[in-house]
Amino acid sequence: MNYYIYILGIYGGFARSCIAKTMEDSVENEYIVTDENGCATDPTIFGEWDYNPDSQSLLASFNAFKFPSSDNIRFQCNIRVCFGKCQPVSTVWI
């Protein structure tokens with residue numbers, strides 16, 4: 001599966017602090033998929049973001065997953081907007 005975010009015009013951008021959320025009995029469950037630096041927390045579940053200059057979009061591929069008690073998942077991300085091209089994110093895995 002793919003998740004797209006479109007960045008239009010003369011701006012660039014990257015996603016960070018992305019969370020998969022679901023609601024169950026008035027309780028919100030969350031799973032962080034992208035950290036505050038824009039790096040995937042577990043790339044085997046939710047991959048790194050790639051910018052496509054032709055479509056002016058960010059794309060992240062992910063394996064299908066769900067919360068045990070819900071059939072619906074909502075993704076929420078903070079988008080850092082840059083004038084022109086953003087500095088690339090540097091992810092270091094230890």
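The values are calculated or read from the model by the stated rules, or taken from the named source; none is laboratory data. Values in this document were obtained by computation on a predicted structure and should not be read as measured data. So basically every Cβ, Gly included, is an ideal-geometry build from the backbone, and we count neighbours across all protein chains shown.
Observations on the structure shown:
- So residue 32, is it modelled with pLDDT of 75 or more, under 30 Å from residue 84 (Cβ atoms) and touching a Ser or Thr at 6+ places or on another chain (Cβ under 7 Å): yes
- Whenever a residue of segment 32-43 is without any contact (Cβ under 8 Å) to a residue 40 or more places away in the chain, its partners that are outside any strand (DSSP E or B) and surrounded by 14 or more Cβ atoms within 10 Å (Cβ to Cβ), lying with C-beta atoms within less than 8 angstrom and at least six residues away or across chains, give the pairs 41/35.
- Segment 8-44, subset among the hydrophobic types (A, V, I, L, M, F, W, C) and out of contact with any strand residue (DSSP E or B) (no Cβ under 6 Å at 6 or more places or on another chain), residue surrounded by the most Cβ atoms within 10 Å (Cβ to Cβ): 39
- Residues that are among the aliphatic types (A, V, I, L, M), over 12 Å from residue 15 (Cα atoms) and under 11 Å from the mean Cα position of the chain (by Cα) within segment 31-54 comprise just one, 32.
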